[in-house]
Amino acid sequence: MSVAASQTGRPNRALPAILISLASIVLFDLMGLVIKHLSTHGYSAAELSSYRNLFGLIPAGIALWSSRQWRAGGRRLWLRQWPIAVIRGLAVTVAQFCFYLAIGRIAFATAATISYSSSLFILLYSVPLLGERVGAFRWSAALVGFAGVVLVMGPGREGFGLDVVLPLIAASLYGFAGVSSRMMDAEVPSPLINLWSSSMSALGAFVLAMALGGYAPIASLTDLAWIVAMGLFGGSAVLCMVIAYRMTEPGNLAPFAYFGIPTAFTLGWLFFDEAPFGDLFPGAILIVAGGLMILWRERRLAREE
């Protein structure tokens, strides 16, 4: 058992956590498709972030109301570690804005692939925040994956600029959001943590949208339906992520984040006729290779234990 697991006292349920994290990735990809679609209709990244958080409160509220653990604990809404939830929510606000802005400007698969560098940041944060031990092999594997991200970003390539740096910034903040959810007390229901963070993200996104010019009128009922769907996809994805990261060590989930690379590429090709082979390869191969190296190492250690 790792230091993190012994400190929190939680059981390490890796398999169900991995399955839940994969569901989260698919939901995030669906949300990204809707964001890219709405970006072409004149809605800004700040507006979309605000709408996503507003409607994302719906699955967060339903999940909390359905939680037996929350009802058995007296239906408390207050968190002892509320500063962590606030910081986590504000980090997600900035991450969303950066990622949504990137989705509207570059190929969907490219933005998504760069964002999967969150695996490196997950390992980076888990050391000081969770006390997790990360050996040289896992660091080497993570750096191989990060080298792939750099190749996808393409420094020196025509068109390289802030647009491809934005998803990297988002990845660092999303990585923090994932790890910080495991810092909360074990007895706190995951839906309550999600509701707190979603509420803080909604407030932060509203302030950001107003500071950057306010809201444009919603053009049609169809756009409104897409906006609601975006929020539901995103809210459900975040809830799955919170649950997954509280069920096992972050290092066990990091390799599976790369599952989103082929799904993002396929969805971008099907819905937007994007096929950025030249941008994604060979960098995407290194990203996947780094993840597989970590997975192989984790399984070997598990067998030895």
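Scaled to the globular estimate 2.2 N^0.38 Å, the Cα spread of region 58-107, given as radius of gyration, is 1.63.
Checking understanding here: applying a Kyte-Doolittle mean of at least 1.0 and a length along the axis of at least 24 Å (C-alpha), which whole DSSP H helices in the chain pass? Taking the DSSP H segments of the chain (at least 24 Å long, mean hydropathy at least 1.0), we get 14-39, 82-105, 136-153, 162-180, 190-211, 221-247. Protection proxy ranking of 20-26, 33-39, 126-132, by the mean of other Cβ atoms within 10 Å over each peptide's residues and highest first, is 33-39, 20-26, 126-132. Can you give the FRET efficiency to the nearest 0.05 for Val228 and Phe137, using r as the Cβ-Cβ distance and R₀ = 41 Å? E between Val228 and Phe137, to the nearest 0.05, is 0.35.
A straight line joining the Cα centroids of region 78-132 and region 134-196 runs 6 Å. On the basis of the beta-carbon distance and an R0 of 35 Å, Leu270 and Val150 show a calculated FRET efficiency of 0.80.
Average projection, convex hull of the Cα set of region 3-304: 15.5 square nanometres. Pairs of C-alpha atoms in region 117-253 farther apart than 18 Å represent 67 percent of all such pairs.
When the chain is treated as a GNM with alpha-carbon contacts under 10 Å, the residue of Pro262, Pro16, Pro83 showing the greatest mean-square fluctuation is Pro83. The helix-based estimate of mean residue ellipticity at 222 nm for the chain, built from -39,500 (n - 2.57) per DSSP H run of four or more residues and divided by its residue count, is -25000 deg cm²/dmol to the nearest 500.
Taking 0.36 nm per residue of separation and subtracting the current Cα-Cα distance, fully stretching the chain between Leu19 and Leu292 would add 96.6 nm. Sorting 240-247, 287-294 by their mean Cβ neighbour count within 10 Å, with the most densely packed peptide first, gives 240-247, 287-294. Projecting the Cα atoms of Pro276, Ala186, Leu224 onto the dipole axis of the chain, where Lys and Arg carry +1 and Asp and Glu carry -1 at the beta carbon, places Ala186 farthest toward the positive end. Computed with the Debye formula from one identical point scatterer per Cα of region 184-305, without solvent, the log10 of I(q)/I(0) at q = 0.13, 0.16, 0.20 Å⁻¹ comes to -0.87, -1.13, -1.20.
For Val165 and Ala72, the FRET efficiency from 1/(1 + (r/R0)^6), where r spans their Cβ atoms and R0 equals 30 Å, is about 0.05.
Values quoted throughout were computed directly from the atomic coordinates according to the rules given, and no laboratory measurement underlies them. Every value quoted in this text rests on a predicted model; they were computed, and no experiment measured them. All Cβ positions, glycine included, derive from the backbone under ideal geometry; neighbour counts span all protein chains shown.
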